[in-house]
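The values are calculated or read from the model by the stated rules, or taken from the named source; none is laboratory data. Since the model is a prediction, treat every value here as computed from it, not as a measurement. In this analysis, Cβ positions are derived from the backbone assuming ideal geometry, glycine residues included, and neighbour counts consider all displayed protein chains.
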Amino acid sequence: MAGYVVVGTQWGDEGKGKIIDVLADRADYVVRFQGGNNAGHTVVVNGEKFILKLLPSGVLHGGTCIIGPGVVVDPKVLLDELASLETRGARTDHVLISDRAHVIMPYHVKLDELKEVNAGEMKIGTTKKGIGPCYADKIWRDGIRMVDLLDMDKFAKKLKYNLEAKNEIITKIYGAEPLDYDKILADYTEYANKIRHRIIDTIPVVNKALDEDKLVLFEGAQALMLDINYGTYPFVTSSSPTTGAGVSPRKIDKGIGVMKAYTTRVGEGPFVTELHGEFGEKVRQLGGEYGAVTGRPRRCGWLDLVVGKYATMINGLTDIVITKIDVLSGLGTLKICTAYEVDGEIYEFMPADTEMLYRAKPVYEELPGWDEDITQVKCYDDLPENCKKYLKRIEEIVGCPISVVSVGPDRSQNIHIREI
Ligand code: GDP
Ligand code: IMO
Ligand code: MG
């Protein structure tokens, strides 16, 4: 059996979409296992760009693509994404959805917006796609699942119960307009009719595939530092980017961590290695660091290996894929953060106290940079010596080998060091 999990090791946008697409070439199944359309995963094929929000990033290949039980699905976004791919000539008949996945409802999106707008200093900087409220309903056992879309009488009853409660909050707490039951029911009936044939119990399918030695890629959205359990809480998303596929950890052979050669984050929250001013802006421009979902400028900073070590440990990584190292060409001396200093004490491990991170100063190791354009390099030996030193140092610090180095956004721009 071969189950490979691909996860983000920082605050998201590491290039997971690209790497999944590269690995999906030989995958029998690609399973997206958590998050929702807060994700934006970019795949570039011969210069043509695809941004995937809900569909697994292996969708441009032939393997079966599954939206797993841990995902929250906005059916309208899903239908738009499927239609947009079909218009561009891509296949979509191999996309299936878990009947256990939760459904994002219009009141989730509304509540996400209202909470953010009214939160003042407490705002998280969410994508306002309804992710938090949908997961909140799931955990509070009020959620509506894909399986409910297969029986619209059941769906209507759950909608009525939920909407009455949500409209109380929308009108009485936030003073906003209530949402209309009939419109939501009509819209969701239409969505159900269009996706019903794709809704199945995906758990036996995926487990059978693993038992039959098929290659199954599990695609995480977001990343460790946005994880509800391990991230910079409360500045995190509402799911766990390490779980949610419905298979035992015993069936996972490889943990592949995608790590950008520097760090970015979107939204609020502490960011110890953040670069402010002109240099940060330069990295943003060179890396094209603008959110794939919201278009917001991403905050940029040096590579933080306190985060890298933490991600390697929690995810049990067997392989690291470094992305966007081409962006570092010509930047001069490079810095890697190996520890934090807080109130005179050195921390080599990620502390739980998020407030403390605002006071943390990065402890940097400096490494010489390189000037060469490396976007066309295909072989490790052809990389500039200082670039190799940078990669070696990452391996040493995090204690996990680097298997692939991505040197540009296109599917073809990779250096394979070890076979994954
Ligand atoms: P994801 O959310 O982890 O899938 O990452 P995003 O797609 O949101 O952001 C990564 C961005 O970097 C996208 O625009 C990719 O096309 C681009 N990208 C991925 N790998 C590389 C790389 O090695 N070099 C460069 N220059 N761009 C890359
Ligand atoms: P991918 O999969 C980067 C961030 C938001 C916000 C916080 C909570 O493309 O890497 P949410 O809407 O999830 O409640 O927002 O999480 N966030 C992401 N940042 N990449 C993502 O996904 C993200 N998904 C959520 O910016 O700070
Ligand atoms: Mg992204």
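Would you mind stating whether Pro384 is in contact with a Ser or Thr (Cβ under 9 Å, 6 or more places away or on another chain), without any contact (Cβ under 8 Å) to a residue 24 or more places away in the chain and not β-branched (Val, Ile, Thr)?
So Pro384 passes the test.
Output the residues belonging to region 330-363 that are touching a Phe, Trp or Tyr at 6+ places or on another chain (Cβ under 6 Å) and either surrounded by fewer than 14 Cβ atoms within 10 Å (Cβ to Cβ) or in a loop (DSSP other than H, G, I, E, B) (or both).
Within region 330-363, Met350, Ala360 meet the criteria.
Being of a type in the set (D, E, K, R) and away from ligand 3 (no atom under 16 Å from the Cβ) is true for just one of Arg32, Arg88. Which residue is that?
Only one candidate passes the filter, namely Arg88.
Condition first: on the phi < 0 side of the Ramachandran plot, among the polar types (S, T, N, Q) and out of contact with any Gly (no Cβ under 6 Å at 6 or more places or on another chain). Now tell me which residues in region 1-54 satisfy that.
Within region 1-54, Gln10, Asn37, Asn38 meet the criteria.
Quick check on region 228-274: of everything there that is polar (S, T, N, Q), closer than 12 Å to Trp11 by Cβ and assigned to a loop (DSSP other than H, G, I, E, B), which residue is nearest to ligand 3 (Cβ to nearest atom)?
The extreme case among them is Thr237.
So that you can scan it fast, the table gives a plain yes or no per residue for (1) within 21 Å of Asp21 (Cα to Cα); (2) away from ligand 2 (no atom under 14 Å from the Cβ):
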{"residue": "Ile200", "(1), (2)": "no, yes"}
{"residue": "Glu212", "(1), (2)": "no, yes"}
{"residue": "Leu215", "(1), (2)": "yes, yes"}
{"residue": "Leu226", "(1), (2)": "no, no"}
{"residue": "Thr242", "(1), (2)": "yes, no"}
{"residue": "Lys260", "(1), (2)": "yes, no"}
{"residue": "Leu275", "(1), (2)": "no, yes"}
{"residue": "Phe279", "(1), (2)": "no, yes"}
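Among all residue pairs at least 6 apart or on different chains, which show Cβ distances below 7 Å where the first residue, located in region 37-56, is under 25 Å from Gln376 (Cβ atoms) and touching a residue at least 24 places away in the same chain (Cβ under 8 Å) and the second is of a type in the set (S, T, N, Q) and assigned to a loop (DSSP other than H, G, I, E, B)?
His41/Ser57; Val43/Ser57
Assess whether Lys138 counts as being touching a residue at least 60 places away in the same chain (Cβ under 8 Å) and basic (Lys, Arg).
Spelling it out, Lys138 is indeed touching a residue at least 60 places away in the same chain (Cβ under 8 Å) and basic (Lys, Arg).
With the structure loaded, tell me whether Thr92 is free of Cβ contacts under 8 Å to residues at least 40 places away in the same chain and touching a helix residue (DSSP H, G or I) at 6+ places or on another chain (Cβ under 6 Å) or whether it fails that test.
Considered against the rule, which asks whether it is free of Cβ contacts under 8 Å to residues at least 40 places away in the same chain and touching a helix residue (DSSP H, G or I) at 6+ places or on another chain (Cβ under 6 Å), Thr92 comes out as yes.
How many of the residues in region 12-34 are in contact (Cβ under 8 Å) with a residue 60 or more places away in the chain and more than 10 Å from ligand 1 (Cβ to nearest atom)?
Count: 11.
What do you reckon, is Asp80 free of Cβ contacts under 8 Å to residues at least 24 places away in the same chain, in contact with a helix residue (DSSP H, G or I) (Cβ under 9 Å, 6 or more places away or on another chain) and either surrounded by fewer than 24 Cβ atoms within 10 Å (Cβ to Cβ) or of a type in the set (D, E, K, R) (or both)?
Against the criterion (free of Cβ contacts under 8 Å to residues at least 24 places away in the same chain, in contact with a helix residue (DSSP H, G or I) (Cβ under 9 Å, 6 or more places away or on another chain) and either surrounded by fewer than 24 Cβ atoms within 10 Å (Cβ to Cβ) or of a type in the set (D, E, K, R) (or both)), Asp80 does not qualify.
Filter region 275-301 down to the residues that are over 20 Å from the mean Cα position of the chain (by Cα) and assigned to a loop (DSSP other than H, G, I, E, B), then identify the one that is surrounded by the most Cβ atoms within 10 Å (Cβ to Cβ).
Leu275
Lys282 passes all but one of (1) modelled with pLDDT of 95 or more; (2) within 12 Å of ligand 1 (Cβ to nearest atom); (3) of a type outside the set (Val, Ile, Thr); which number fails?
Lys282 satisfies every listed condition except (2).
Considering only region 364-395, state which residues are more than 15 Å from Leu334 (Cβ to Cβ) and surrounded by fewer than 18 Cβ atoms within 10 Å (Cβ to Cβ).
Asp373, Thr375, Gln376, Lys378, Cys379, Tyr380, Asp381, Asp382, Glu395
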